[in-house]
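**Student:** To start, I am sharing the structure in question, which I have written as structure tokens.
The values are calculated or read from the model by the stated rules, or taken from the named source; none is laboratory data. Note that the coordinates shown come from a computational prediction; the quantities given were computed from them, not determined experimentally. Cβ: placed from backbone, ideal geometry, glycine included. Neighbour counts: every protein chain shown.
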Amino acid sequence: MDQFLTDIMDAAARKYGAEGERPKALFRIVDPERGEIEIETSEGLRRHVLKPLPELFGKGHGVSSVDPQDERFMPLLLRIEESIVEHYEQDPDLTDGRVSLALSRLILQPGCDPGDDALCRHLQLDLRLLLSLNDYSRQEVRWALRKIDKSVRRHSRADGPRGYLDFIRDQFGPLG
């Protein structure tokens, strides 16, 4: 976690009467390559560069697996899937196979060099933001990525090369 960012976001949420919540509207990503965000605070706009993924892993919840029904893991699982849907909306040529490749890379090493894989880069940025504000261990993140990758493979086998993407987009509805 990033205590500095957590403190800023909590103060900003209190300003807007949303204590305990960190509304997305309070910040925006200004430089995805660097992981720089802009946060609206009572003192005005403040910029912050997100820490690299390896520095953000926490102690986690001390579990032996990630249960999709467990409320503690909903933010993690939903953020990963929402990130995939956001990327699909930007890149309609995306396929389940490319999603699975990006997830496989991140399962092996969440902080890997994404190279020219835009989806992998997008997922890493969203994970950096999520992990800045939430306590998940490296293993919990890897388990969550693995659960989603299994879903990708299952839907792709059953419904074709965009089976998972179309399914998950339907679940989220239009984003933006």
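**Student:** Just to verify a result, which residue in the range 52-65, among those that are surrounded by 13 or more Cβ atoms within 10 Å (Cβ to Cβ) and outside any loop (DSSP other than H, G, I, E, B), is farthest from the chain's Cα centre (by Cα)?
**Tutor:** Glu55
**Student:** A further question follows. Of all residues in the range 149-176, which are within 17 Å of the chain's Cα centre (by Cα), part of a helix (DSSP H, G or I) and hydrophobic (A, V, I, L, M, F, W, C)?
**Tutor:** Matches in the range 149-176: Val152, Leu165, Ile168, Phe172.
**Student:** Give me the pairs: first residue in the range 68-81 and on the phi < 0 side of the Ramachandran plot, second residue assigned to a loop (DSSP other than H, G, I, E, B) and hydrophobic (A, V, I, L, M, F, W, C), beta-carbon distance under 8 Å, and six or more apart or on different chains, which are they?
**Tutor:** Every condition considered, the pairs that remain are Asp70/Val63; Phe73/Val66; Leu76/Val66; Leu77/Val66.
**Student:** Continuing with the same structure: Within the range 27-41, can one find any residue that is in contact with a helix residue (DSSP H, G or I) (Cβ under 8 Å, 6 or more places away or on another chain), surrounded by fewer than 18 Cβ atoms within 10 Å (Cβ to Cβ), assigned by TED's automatic domain parsing to the domain that holds Ile148 and not charged (D, E, K, R)?
**Tutor:** So far as the range 27-41 goes, no, none of its residues is in contact with a helix residue (DSSP H, G or I) (Cβ under 8 Å, 6 or more places away or on another chain), surrounded by fewer than 18 Cβ atoms within 10 Å (Cβ to Cβ), assigned by TED's automatic domain parsing to the domain that holds Ile148 and not charged (D, E, K, R).
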